[in-house]
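Engineer: Before I ask anything, let me first share the structure, which is written out below as structure tokens.
The values are calculated or read from the model by the stated rules, or taken from the named source; none is laboratory data. Please read these numbers as outputs of a predicted model, since none were measured by experiment. We place every Cβ from the backbone using ideal geometry, glycine too, and count neighbours over all the protein chains shown. In case anyone asks, the SASA skips ligands and DNA or RNA and just uses the protein heavy atoms, side chains included. Shrake-Rupley method; radii C 1.70, N 1.55, O 1.52, S 1.80 Å.
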Amino acid sequence: MNDSHVSRLKGSVRLIDLPQIRDPRGDLTFVEGGNHIPFDIRRVYYLYNVPVDAERGGHAHRDLEQIVFALSGSFRMRIDDGETKSEYWLRDPRKGLYISRMIWREMDSFSQGAVCMVLASHRYDEADYYRDYDEFLAAVRGRG
Ligand code: T46
């Protein structure tokens, strides 16, 4: 591992804190385009009814940037830039995990009733995916 790879993962994957309005009626958090999010939001999707033993992800994106939230419950995100691996447990709806392009991600350990919401920089495009890890590694190391 060298410093350039460490800093690539540091800059490419980070937690984003959203505001929280505390209220006895229930808390409120909001997301503003052009303020909290480092890209224009072109798509929102969410995962729900996820079995606790499910494994999702297992891919990287050529261009897509995303921010992943656990709106309810919790799950683990394993992150890999081709050199450095890390993991995040998402369980706080105020904290989103920003993931830039060319980062492999895997998701597991979903709690019962977990809801994952994702803000994405582009509309869905299967051609943007690396779904084969070796192909991703070759690309990220400059051979793809
Ligand atoms: C990611 C993680 C967090 C669509 O038609 N439109 C969409 O917007 C999406 C996201 C998926 N799909 C179709 C493509 C597949 O036929 O839904 C099916 C399941 O997609 P996938 O296996 O990619 O789902 P996950 O949960 O493994 O991954 C998704 C996102 O694809 C991915 O970008 O980072 O959630």
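Engineer: With every protein chain left in place, what is the accessible area of Leu71 in Å² (1.4 Å probe, nearest 10)?
Structural biologist: 80
Engineer: Over 10 Å intervals from 0, what percent of Cα-Cα pairs in the chain sits in each interval?
Structural biologist: Result, from short to long distances: 11, 40, 36, 11, 2, 0 percent.
Engineer: Compare the peptides 112-122, 126-136 by average per-residue count of other Cβ atoms within 10 angstrom and give them in order, highest first.
Structural biologist: Sorting 112-122, 126-136 by mean packing, highest first, produces 112-122, 126-136.
Engineer: Right, next: Hey, rough spin-label estimate for Asp92 and Leu15, points 7 angstrom out along Cα→Cβ, what's it come to in nanometres?
Structural biologist: Result for the modelled spin labels: 0.4 nm.
Engineer: With a 1.4 Å probe and all protein chains left in place, how much accessible area per residue does the stretch 3-140 have, in Å²?
Structural biologist: That works out to 56 Å² per residue.
Engineer: HN-Hα J couplings of the stretch 132-137 from phi, Karplus 6.51/-1.76/1.60, θ = phi - 60°, integer Hz, Gly and Pro as x?
Structural biologist: Taking θ as phi minus 60°, the curve returns 10, 5, 5, 5, 4, 4 Hz for the stretch 132-137.
Engineer: A further question follows. What part of the accessible area of the stretch 3-140, given as a whole %, is carbon or sulfur when the probe is 1.4 angstrom?
Structural biologist: Carbon plus sulfur share of accessible area: 47 percent.
Engineer: Could you estimate the translational diffusion coefficient of the stretch 75-144 from the Stokes-Einstein equation, with Rh from the Kirkwood formula over C-alpha pairs, at 10 °C and 1.306 mPa s, in whole µm²/s?
Structural biologist: Value of D from the Cα-based Kirkwood radius: 116 µm²/s.
Engineer: Roughly what percent of Cα-Cα pairs across the stretch 39-112 reach past 18 Å?
Structural biologist: Cα-Cα pairs in the stretch 39-112 separated by more than 18 Å: 38 percent.
Engineer: At what distance in angstrom do the alpha carbon centres of the stretch 100-144 and the stretch 14-50 lie from each other?
Structural biologist: One Cα centre to the other: 20 Å.
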